[in-house]
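Heads up, the thing below is written out as structure tokens.
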Amino acid sequence: RAALLDESSIANSSRGKSTASGLLGADMIIFTLVTGIGGFLFGYDTGVIAGALPFIREDMPDVEASVTLQGAVVSGAVGGAVLGSLVAGRICDSFGRRTALLLADFAFVLGAIFMAAAQDSSML
């Protein structure tokens, strides 16, 4: 069955009725809630990174001295999320969700190891 809306489903959805292919169904509510929770968690993660900044400044004097490096540390998480979201769909389509999640887990663990081993901001 084609995913296109026909004239009757458009007319029904404009009157507030939920149709199988309309825009006002339980699926749309679930998608909206999941998207909202995802946005909240993204902001929370950014806050957690910013909360770790005092500890990073304590261990790395060059980060303490440069506001630019402090901004780079916090915005690095956002940049990584942008790049990951651009690549994630293709990986899921090509290899499946399970493989994509395993690759993301591996990248997360590898990144945590590299960050823990960082001796200065250039390694971070």
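The values are calculated or read from the model by the stated rules, or taken from the named source; none is laboratory data. Please read these numbers as outputs of a predicted model, since none were measured by experiment. Here the Cβ positions follow ideal geometry from the backbone for every residue, glycine too, while neighbour counts run over all protein chains shown. Ligands, DNA and RNA are excluded from the accessible area calculation, which covers all protein heavy atoms including side chains. Shrake-Rupley method; radii C 1.70, N 1.55, O 1.52, S 1.80 Å.
For this structure, a couple of remarks:
- Among (1) at pLDDT below 80; (2) open to solvent by 60 Å² or more (accessible area, probe 1.4 Å); (3) more than 24 Å from the chain's Cα centre (by Cα) - the single one Arg57 does not satisfy: (1)
- Pairs are defined by a Cβ separation below 7 Å, a sequence spacing of at least 6 or placement on different chains, a first member in region 88-116 that is within 30 Å of Phe55 (Cβ to Cβ), and a second member that is at pLDDT below 90; the pairs so defined are Met115/Leu124.
- Condition check for Ala107: surrounded by 10 or more Cβ atoms within 10 Å (Cβ to Cβ), at pLDDT below 85 and of a type outside the set (Asp, Glu): no
- All conditions but one from (1) in a helix (DSSP H, G or I); (2) modelled with pLDDT under 85; (3) not charged (D, E, K, R) apply to Met123; the one that does not is (1).
- Checking Ala100, Ala118 one by one, the residue that is open to solvent by less than 50 Å² (accessible area, probe 1.4 Å), of a type outside the set (Asp, Glu) and touching a helix residue (DSSP H, G or I) at 6+ places or on another chain (Cβ under 7 Å) is Ala100 and no other.
Per-residue answers, yes or no, for (1) within 30 Å of Asp120 (Cβ to Cβ); (2) at pLDDT below 80; (3) in a helix (DSSP H, G or I); (4) out of contact with any helix residue (DSSP H, G or I) (no Cβ under 7 Å at 6 or more places or on another chain):
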residue	(1), (2), (3), (4)
Ala3	no, yes, no, yes
Gly16	no, yes, no, yes
Met28	no, no, yes, yes
Asp62	yes, no, yes, no
